[in-house]
Amino acid sequence: MVNLIIFGAPGSGKGTYASRLKEKLNVEVIATGDIFREMIKENTPLGRKVKAYVDRGLLVPDDVTLEVLKENLAKIPKGKGFILDGYPRTLEQAKALDGIAKIDAIINLVVPDWIIIERLSSRRICQNCGAIYNLLFLKPKKDMVCDKCGGPLYQRSDDTPEVIKKRIEVYEKQTQPLLEYYKNKRVPFVEARCEKLETPPEAIVQEIMDGLKKLGLA
Ligand code: ADP
């Protein structure tokens, strides 16, 4: 059983890699961004509140986020580990997590800004199963149709140039300092670098798996 956090700027590939690591490590993935998008789609009162933040590239308030995390951690079968994708994003969230779960390692994705911007503006997502595509280098076989389930692909409403800029700013200011927080706590790191736009996800996933094996976690 292994508990991991995957860190990286918006567009660094957290969701893409986490969904592949899920199979290899037999863990659950908790992606707060996906959960929020689901709440928005369902148009619940809380979903409408969340939408106001997500659409502007701002962080959803910590109290709402923590509640969502707890609810989803509670659903994980006993004895199974997890990867957190998109949580924690603030120091308060990291401190709250300390009281709930033990983290075995941090996966940190290092990706240059220009790749992030290229990727986010060409990202498409399956409306039905959430699979992630990219019109440049991770194209669906059939135009705008999901390879896995045949669902229609869409562009996230926060993948627009202004909102992307804001999300990167928020990441650098509020989330990046958390790397120091975990280093100070001596949590082991696995770092994966992506220097090229065309690097296939499998290559990065392999790099992460190798790092986890070295730590005895895979
Ligand atoms: P990305 O990492 O590409 O920006 P996510 O899908 O992880 O995308 O998150 C999308 C949005 O959901 C964020 O911009 C933010 O508004 C909200 N969000 C996700 N996770 C959190 C969190 N832990 N705390 C606050 N807001 C969050």
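If you scan the range 52-61, which residues turn out to be free of Cβ contacts under 8 Å to residues at least 60 places away in the same chain and either near the ligand (Cβ under 7 Å from one of its atoms) or in contact with a Lys or Arg (Cβ under 7 Å, 6 or more places away or on another chain) (or both)?
If we filter the range 52-61 for residues that are free of Cβ contacts under 8 Å to residues at least 60 places away in the same chain, which is where we start, we get 52-53, 60-61.
Tyr53, Val60, listed by residue number.
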Within the range 86-95, of all residues that are in a loop (DSSP other than H, G, I, E, B) and over 22 Å from Glu23 (Cα atoms), the one farthest from the chain's Cα centre (by Cα) is Thr90
Among Ile117, Ile125, Ile132, Ile208, the single one that is over 23 Å from Leu58 (Cβ atoms) and among the β-branched types (Val, Ile, Thr) is Ile208
Checked pairs for the range 68-85, first in a helix (DSSP H, G or I), second at pLDDT 95 or above, C-beta under 6 Å and 6 or more apart or across chains, list as Val68/Ile35; Leu69/Tyr87; Asn72/Ile30
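Of the residues Leu178, Leu136, Leu197, Leu212, only one is touching a helix residue (DSSP H, G or I) at 6+ places or on another chain (Cβ under 9 Å), assigned to a helix (DSSP H, G or I) and away from the ligand (no atom under 16 Å from the Cβ); which? Show your work before the answer.
Details: Leu178 fails: away from the ligand (no atom under 16 Å from the Cβ); Leu136 fails: assigned to a helix (DSSP H, G or I); Leu197 fails: assigned to a helix (DSSP H, G or I).
Unique residue meeting the criteria: Leu212.
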The residue from Tyr87, Tyr154 that alone is at pLDDT 95 or above, surrounded by fewer than 20 Cβ atoms within 10 Å (Cβ to Cβ) and within 15 Å of the ligand (Cβ to nearest atom) is Tyr154
Considering residues that are crowded, with 17+ Cβ neighbours inside 10 Å, farther than 21 Å from Ala218 by Cα and more than 16 Å from the chain's Cα centre (by Cα), the number found within the range 21-52 is 4
Of the conditions (1) out of contact with any Lys or Arg (no Cβ under 6 Å at 6 or more places or on another chain); (2) over 19 Å from Cys126 (Cβ atoms), the single one that Gly15 does not satisfy is (2)
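Being surrounded by fewer than 16 Cβ atoms within 10 Å (Cβ to Cβ) and of a type in the set (Phe, Trp, Tyr) is true for just one of Tyr171, Tyr181. Which residue is that? Working first, answer last.
Values: Tyr171 fails: surrounded by fewer than 16 Cβ atoms within 10 Å (Cβ to Cβ).
Residue meeting the stated conditions: Tyr181.
The values are calculated or read from the model by the stated rules, or taken from the named source; none is laboratory data. These figures come from a predicted structure and were not determined experimentally. For neighbour counting, all protein chains shown are included, and Cβ atoms are generated from backbone atoms with ideal geometry for every residue, glycine included.
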